[in-house]
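Colleague: Got a structure for you, written out below as structure tokens; questions coming shortly.
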Amino acid sequence: MLQVKNLVKRFGDKEAVRSISFEVKQGESFGLLGPNGAGKSTTISMICGLLQPNGGEIHVAGIDALKNTAAAKKVMGVVPQDIALYPTLSARENLNFWGAMYGLSGRELGARVAEALEIVGLTDRQKDRIDTYSGGMKRRINIAASLLHKPQLLIMDEPTVGIDPQSRNNILETVRTLNQEKQMTVIYTSHYMEEVEYLCTRVGIIDHGRLIAQGTLADVRRLAGEETTIRLRIAKATEQMAAALKAVPGVKTVRIEEHALSILVGNSAETLAPLMAAAGSFKIQGVEIEEPNLESVFLHLTGRALRD
Ligand SMILES: Nc1ncnc2c1ncn2[C@@H]1O[C@H](COP(=O)(O)OP(=O)(O)OP(=O)(O)O)[C@@H](O)[C@H]1O
Ligand SMILES: [Mg+2]
């Protein structure tokens with residue numbers, strides 16, 4: 001469905017995207033995960049024809065998207081990071097406008113708009129002006145707008161940033177249904193690793209304009225090795241506590257967090273008991289054991305946390 005090869009984008013002397021290559025198969029849900037400024041939106045903008053790359057190739061459903069941008073755009077539905085709606089128009093009027101931009105009219109347009117409103121669960125609010133909507137509801141209308149022309153490939157750029165939990169859940173469920181029940185191919189960009197783990201079967205991790213890892217969720221998780229994080233919840237974690245735990249055999253690193261000590265170990269089964277013995281005098285409020293996840297993969301590959 002999508003082939004991206006050696007994609008490069010420079011802004012002046014800043015190289016925002018540095019030779020990125022990946023493929024997304026039909027029906028797949030591909031997650032593009034990376035911190036702020038990693039190059040996610042720049043990559044997406046080039047795929048959907050909004051930005052001209054300085055190098056590389058893009059094929060969408062077999063179409064050369066750099067030569068035949070108009071044809072490629074028909075295949076894709078894009079949910080941009082920034083909301084693109086007219087605040088003084090109602091949701092339905094906005095969708096009518098976007099549908100007309102895709103060449104829909106009459107009954108077909110009406111039916112598609114009704115269907116899109118149903119998918120995002122906002123049929124009962126369709127007559128209300130967008131400026132009376134919450135941030136999460138605006139995002140859901142933005143998603144509805146991307147679905148009007150029944151795209152084969154849905155590209156979403158951080159659709160859940162800064163919204164309420166109810167809209168977030170609605171969006172995650174909508175994406176899952178579109179992918180699993182309607183066989184829509186999805187590219188989902190986020191810096192929330194939980195969302196990518198929930199929705200995507202394959203992931204790419206992007207950092208400083210490079211794809212530093214890609215593969216199935218299982219493949220990529222394995223890059224963190226067998227390391228497990230043990231988190232001890234403590235009201236006030238101190239340097240002395242961290243030093244005492246660092247001395248326990250099997251402990252790799254100890255990080256002081258707000259109200260917790262985060263301990264990276266090679267093998268939690270072997271290390272947990274001696275660790276708890278060493279922490280015997282601390283007032284521990286809880287213990288959590290986290291198996292390797294995309295967050296630990298990112299930490300392992302870059303030495304930094306995914307979120308700042
Ligand atoms: N139009 C532009 N002009 C100059 N620099 C830009 C432009 N657009 C993006 N950049 C730079 O390119 C880099 C990648 O930006 P991009 O928006 O692709 O990141 P992102 O991964 O989408 O981040 P976020 O999670 O914050 O949305 C950043 O350093 C950014 O400042
Ligand atoms: Mg972005």
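The values are calculated or read from the model by the stated rules, or taken from the named source; none is laboratory data. What you see is a predicted model, and the numbers here were worked out from it, not measured in a lab. Note: ideal-geometry Cβ built from the backbone for every residue, glycine included; neighbour counts use all protein chains shown.
Colleague: Restricting the first residue to segment 62-80 and requiring it to be touching a residue at least 60 places away in the same chain (Cβ under 8 Å), which pairs with a second residue that is of a type in the set (Lys, Arg) meet a Cβ separation below 9 Å and a spacing of at least six or different chains?
Modeller: That search, which allows pairs on different chains as well, returns Gly77/Lys150; Val79/Arg139.
Colleague: Just wondering, is there one or more residues in segment 79-88 that are surrounded by 14 or more Cβ atoms within 10 Å (Cβ to Cβ) and away from ligand 1 (no atom under 16 Å from the Cβ)?
Modeller: Within segment 79-88 (the criterion being surrounded by 14 or more Cβ atoms within 10 Å (Cβ to Cβ) and away from ligand 1 (no atom under 16 Å from the Cβ)), the answer is yes, since at least one residue qualifies.
Colleague: Identify the residue in segment 1-17 that is more than 16 Å from ligand 2 (Cβ to nearest atom) and assigned to a strand (DSSP E or B) and, among all such residues, is farthest from Glu57 (Cα to Cα).
Modeller: Filtering segment 1-17 for residues more than 16 Å from ligand 2 (Cβ to nearest atom) gives 1-6, 8, 10, 12-13, 15.
After this cut, where a residue has to be assigned to a strand (DSSP E or B) as well, the list is 2-6, 8, 10, 15.
Values: Leu2: 11, Gln3: 8, Val4: 6, Lys5: 5, Asn6: 7, Val8: 9, Arg10: 15, Glu15: 17 Å.
Of everything passing the filter in segment 1-17, Glu15 is farthest from Glu57 (Cα to Cα).
Colleague: Could you name every one of the strands (runs of 3 or more DSSP E) located completely within segment 21-140 that has at least 1 residues being modelled with pLDDT of 95 or more and more than 20 Å from Val175 (Cα to Cα)? Let's see the steps before the verdict.
Modeller: Details: elements: 29-33, 55-60, 76-79.
Ranges flagged: 55-60.
Colleague: Taking Ala218 as the residue in question, decide whether it is in contact with a Leu (Cβ under 6 Å, 6 or more places away or on another chain) and either buried (at least 21 other Cβ atoms within 10 Å of the Cβ) or in the same structural domain as Phe97 (by TED's automatic domain parsing) (or both). Step through it out loud before you land on a result.
Modeller: Details: in contact with a Leu (Cβ under 6 Å, 6 or more places away or on another chain): no; either buried (at least 21 other Cβ atoms within 10 Å of the Cβ) or in the same structural domain as Phe97 (by TED's automatic domain parsing) (or both): yes.
In short, no.
Colleague: Now a separate question. Check off (1) within 14 Å of Glu295 (Cα to Cα); (2) without any contact (Cβ under 8 Å) to a residue 12 or more places away in the chain for Val203 and give me the number that stays unchecked.
Modeller: Failing condition for Val203: (2).
Colleague: Does Arg222 count as within 24 Å of the chain's Cα centre (by Cα), at pLDDT 95 or above and of a type in the set (Lys, Arg)?
Modeller: Considered against the rule, which asks whether it is within 24 Å of the chain's Cα centre (by Cα), at pLDDT 95 or above and of a type in the set (Lys, Arg), Arg222 comes out as no.
Colleague: Oh, and also: In this structure, does Val254 turn out to be in contact with a helix residue (DSSP H, G or I) (Cβ under 9 Å, 6 or more places away or on another chain), buried (at least 19 other Cβ atoms within 10 Å of the Cβ) and not assigned by TED's automatic domain parsing to the domain that holds Asn6?
Modeller: Details: in contact with a helix residue (DSSP H, G or I) (Cβ under 9 Å, 6 or more places away or on another chain): yes; buried (at least 19 other Cβ atoms within 10 Å of the Cβ): yes; not assigned by TED's automatic domain parsing to the domain that holds Asn6: yes.
Considered against the rule, which asks whether it is in contact with a helix residue (DSSP H, G or I) (Cβ under 9 Å, 6 or more places away or on another chain), buried (at least 19 other Cβ atoms within 10 Å of the Cβ) and not assigned by TED's automatic domain parsing to the domain that holds Asn6, Val254 comes out as yes.
Colleague: Which condition number does Gln166 fail, the rest of (1) within 30 Å of Gly106 (Cα to Cα); (2) outside any loop (DSSP other than H, G, I, E, B); (3) polar (S, T, N, Q) being met?
Modeller: With (1) within 30 Å of Gly106 (Cα to Cα); (2) outside any loop (DSSP other than H, G, I, E, B); (3) polar (S, T, N, Q) applied to Gln166, the lone miss is (1).
Colleague: Now for a separate question. Would you tally the residues in segment 257-283 being polar (S, T, N, Q) and surrounded by 12 or more Cβ atoms within 10 Å (Cβ to Cβ)? Walk me through it before giving the result.
Modeller: The initial filter retains those residues of segment 257-283 that are polar (S, T, N, Q), namely 262, 267-268, 271, 281.
Filter once more, keeping what is surrounded by 12 or more Cβ atoms within 10 Å (Cβ to Cβ): 262, 268, 271.
So the count comes out to 3.
Colleague: Just one of Ala100, Ala111, Ala72 is crowded, with 20+ Cβ neighbours inside 10 Å, away from ligand 1 (no atom under 13 Å from the Cβ) and more than 20 Å from the chain's Cα centre (by Cα); which is it? I'd like the intermediate steps shown before the answer.
Modeller: Values: Ala100 fails: crowded, with 20+ Cβ neighbours inside 10 Å; Ala111 fails: crowded, with 20+ Cβ neighbours inside 10 Å.
Among Ala100, Ala111, Ala72, only Ala72 is crowded, with 20+ Cβ neighbours inside 10 Å, away from ligand 1 (no atom under 13 Å from the Cβ) and more than 20 Å from the chain's Cα centre (by Cα).
Colleague: Cβ-Cβ below 8 Å, separation at least six or inter-chain, first residue in segment 137-163 and not assigned by TED's automatic domain parsing to the domain that holds Ile47, second within 13 Å of ligand 2 (Cβ to nearest atom): which pairs?
Modeller: Taking only residues 6 or more apart or on different chains, not a single pair turns up.
Colleague: Now for a separate question. Scanning for something of a type in the set (Lys, Arg), out of contact with any His (no Cβ under 9 Å at 6 or more places or on another chain), modelled with pLDDT of 90 or more and more than 17 Å from Leu2 (Cα to Cα), does segment 196-204 turn up at least one residue? Before the answer, list the steps.
Modeller: If we filter segment 196-204 for residues that are of a type in the set (Lys, Arg), which is where we start, we get 202.
Still in the list and also out of contact with any His (no Cβ under 9 Å at 6 or more places or on another chain): 202.
Then drop every residue that is not modelled with pLDDT of 90 or more, which leaves 202.
Next cut, more than 17 Å from Leu2 (Cα to Cα) only: none.
No; the residues of segment 196-204 include none that is of a type in the set (Lys, Arg), out of contact with any His (no Cβ under 9 Å at 6 or more places or on another chain), modelled with pLDDT of 90 or more and more than 17 Å from Leu2 (Cα to Cα).
Colleague: Going through Thr229, Thr271, Thr253 one at a time, which residue ends up being out of contact with any Leu (no Cβ under 6 Å at 6 or more places or on another chain) and either polar (S, T, N, Q) or in contact (Cβ under 8 Å) with a residue 60 or more places away in the chain (or both)? Before the answer, list the steps.
Modeller: Working: Thr229 fails: out of contact with any Leu (no Cβ under 6 Å at 6 or more places or on another chain); Thr253 fails: out of contact with any Leu (no Cβ under 6 Å at 6 or more places or on another chain).
None of the other options fit; the residue is Thr271.
Colleague: Which residue is nearest to Gln180 (Cα to Cα), if the candidates are limited to segment 17-40 and must be surrounded by fewer than 22 Cβ atoms within 10 Å (Cβ to Cβ) and within 8 Å of ligand 1 (Cβ to nearest atom)?
Modeller: Here is the first cut: in segment 17-40, the ones surrounded by fewer than 22 Cβ atoms within 10 Å (Cβ to Cβ) are 18-19, 21-23, 25-28, 35-37.
With within 8 Å of ligand 1 (Cβ to nearest atom) added as a condition, the list becomes 35-37.
Values: Pro35: 27, Asn36: 29, Gly37: 30 Å.
This residue is Pro35.
Colleague: OK, next. From Thr177, Thr189, Thr185, grab the single residue that is away from ligand 1 (no atom under 16 Å from the Cβ) and touching a strand residue (DSSP E or B) at 6+ places or on another chain (Cβ under 7 Å).
Modeller: On the way: Thr177 fails: touching a strand residue (DSSP E or B) at 6+ places or on another chain (Cβ under 7 Å); Thr189 fails: away from ligand 1 (no atom under 16 Å from the Cβ).
The unique qualifying residue is Thr185.
Colleague: Return the only residue of Tyr133, Tyr188, Tyr192 being crowded, with 22+ Cβ neighbours inside 10 Å and aromatic (Phe, Trp, Tyr).
Modeller: Details: Tyr133 fails: crowded, with 22+ Cβ neighbours inside 10 Å; Tyr192 fails: crowded, with 22+ Cβ neighbours inside 10 Å.
Tyr188 is the lone residue from the list that is crowded, with 22+ Cβ neighbours inside 10 Å and aromatic (Phe, Trp, Tyr).
Colleague: Count, please, the residues in segment 41-55 that happen to be closer than 22 Å to Asp207 by Cβ and away from ligand 1 (no atom under 15 Å from the Cβ).
Modeller: 1
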